[in-house]
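These notes are about the structure you will find just below.
The values are calculated or read from the model by the stated rules, or taken from the named source; none is laboratory data. All values reported here derive from a predicted model rather than from experimental measurement. All Cβ positions, even for glycine, are placed from backbone atoms using ideal geometry, and neighbour counts span all protein chains on display. Quick note on the areas: whole protein, heavy atoms, side chains included, nothing else; ligands and nucleic acids left out. Shrake-Rupley method; radii C 1.70, N 1.55, O 1.52, S 1.80 Å.
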Amino acid sequence: MVTNNPFLGPQWDDLAVVLETSLIQTYIGGMFQVQTYAKQFGLSPSTSPFVQALVFDDTLQVELAANLMVRPQLTNLQLQELEFYGWQLPEVNPDDYSDNPSGNPNIVRYFSLDTQASEIVEAILTALVGIYGIVETDFWAFPNRHEADRVGEMRMLGRLKASNTNPHKVIFALPGHHLDMLEQEIEDHQ
């Protein structure tokens, strides 16, 4: 549970519940995709970490963006920390992948379909917060508009108003943050 995780805490609970419900969609044939908009990475979807997951051969494959995408790039120490927490490093380095796009350029971790969604989400958030440096004031996007609408209906995260950079309202904030940018009130789920 993220509440008791020393990298996380109760401020991440609502996001964890939302991510768990989104992750479960992959078990019935969907793809899990979440894009961060992190200040440390320029608040850009082109340079901020993403998470994606898909079921392959009765195994859930979860990927985090690595040095092909994130800017600034992950350090060797951060890569070692990811390995320590059970993540596999990219199969190829960014330069080799750019020259010949084969192999997986992302950080990967495999989970049995029997693994609780809460355990998987805790692993994802531990990596993003504890190693990548994602903070509570960063943003979370659900690129699939139907999924974004489902997340919005949960009213656990703040949904940002439509804008030039968020025309389909797929970007969300954690409770208590960016209140001036929100379209909807967050319900108290305590």
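Which is surrounded by fewer than 19 Cβ atoms within 10 Å (Cβ to Cβ) and more than 20 Å from residue 5 (Cα to Cα), of 108, 135, 170, 151?
Unique residue meeting the criteria: 108.
Across the range 23-45, what is the total count of residues that are under 15 Å from the mean Cα position of the chain (by Cα), at pLDDT below 95 and of a type in the set (Ser, Thr, Tyr)?
1
Are there any pairs, at least 6 apart or on different chains, whose C-beta atoms fall under 8 Å, with the first in the range 2-18 and within 17 Å of residue 151 (Cα to Cα) and the second open to solvent by 20 Å² or more (accessible area, probe 1.4 Å) and small (Gly, Ala, Ser), and if so, which?
Within 8 Å, the pairs are 16/118.
Yes or no, residue by residue, for (1) of a type in the set (A, V, I, L, M); (2) crowded, with 20+ Cβ neighbours inside 10 Å:
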position	(1), (2)
9	no, no
24	yes, no
27	no, no
30	no, no
34	yes, yes
52	no, no
56	no, no
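Within the range 111-132, take every residue that is among the polar types (S, T, N, Q), within 24 Å of residue 89 (Cβ to Cβ) and not in a helix (DSSP H, G or I) and give me the one that is least open to solvent (accessible area, probe 1.4 Å).
115
Can you name the condition, by its number, that residue 102 falls short on among (1) farther than 21 Å from residue 40 by Cα; (2) open to solvent by less than 40 Å² (accessible area, probe 1.4 Å); (3) not aliphatic (A, V, I, L, M)?
(2)
I'm trying to understand the selection: among the residues of the range 1-23, which are in contact with a Pro (Cβ under 8 Å, 6 or more places away or on another chain) and among the charged types (D, E, K, R)?
14
Test residue 80 against the criterion of being at pLDDT 95 or above, open to solvent by 40 Å² or more (accessible area, probe 1.4 Å) and more than 16 Å from the chain's Cα centre (by Cα), and give yes or no.
So residue 80 passes the test.
Have a look at 141, 127, 65 and point out the one that is in contact (Cβ under 8 Å) with a residue 40 or more places away in the chain, in contact with a helix residue (DSSP H, G or I) (Cβ under 7 Å, 6 or more places away or on another chain) and of a type in the set (Gly, Ala, Ser).
127
Condition check: within 16 Å of residue 78 (Cα to Cα) and not small (Gly, Ala, Ser). Does residue 128 satisfy that?
yes
Which of (1) surrounded by 15 or more Cβ atoms within 10 Å (Cβ to Cβ); (2) out of contact with any helix residue (DSSP H, G or I) (no Cβ under 8 Å at 6 or more places or on another chain) is the odd one out, the single condition residue 39 does not satisfy?
Condition (1) is where residue 39 drops out.
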